[in-house]
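Every read-out reported here was derived from the displayed coordinates using simple, explicitly stated rules and does not represent laboratory data. A quick note: this is a predicted structure, and the numbers were derived from the prediction, not measured. As a convention, Cβ positions derive from the backbone with ideal geometry for all residues, glycine included, and neighbour counts pool all protein chains shown.
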Amino acid sequence: MSTRLDIAVPDCVDDNPEGWQSNCPILAANGALYYFYSNNNNTDLYYIKSTDFGGTWTAPILVQAEVFLVFSTWYDRWTVATSGDLIHIACFGQTGDDVFYYNLDTSTDTLSSQVIVFNGISAAVGSNTSLSITKAMKGRVMKV
C-alpha cells in the first residue's frame, strides 16, 4: 500500500527536460511519476513513484548507495523520435572518482545492474560539479 511521504518534491512535472531533469518528477508514458533524489542524511540515491499524480508515493527504492549528491536522469521519450520506456541514471560515487550508470524500465519497474562508465582518479567533484546524461537519436547514451 502506498503512503504519503515527507519528501519535498518540486511542483514541476517534467515531460521535457530543458536542463532540469534531476530536479523534477519524470512523467512516464504509463502516467506514473518518478522522482529521483539523494538523501542528505546518508548520501544514497533513491527514487519514488506515484500512480495518482503525486497524491501518494511508494516507499523509497535504493538506486546507489553512497553517491556524491550529484546525479542526472534522462527519459527515453525526451529524445526526438524515440518511444522507449527507460529512465537513464548517472551518478558520481562517494569519492567522486567513479561515474555509475543505471536504467529504470518504467514498463516493468525494473532497475538495471550498476555499470561503471568511468573508473579513474581524474574526476574532481566539488561544490560546482555537475553531471549530465542524454540519449541521442541513434540510441547512444552519453554522459558529460
*Relative contact order of the range 23-121, defined on C-alpha pairs under 8 angstrom at six or more residues apart (%)*: 18 percent
*Spin-label model distance (nm) - Thr51 vs Asp109, 7 Å beyond Cα toward Cβ*: 0.6 nm
*For Val117 and Ser132 in the same chain, what is the full-extension length gain: residue separation times 0.36 nm, less their Cα-Cα distance, in nm?*
4.1 nm
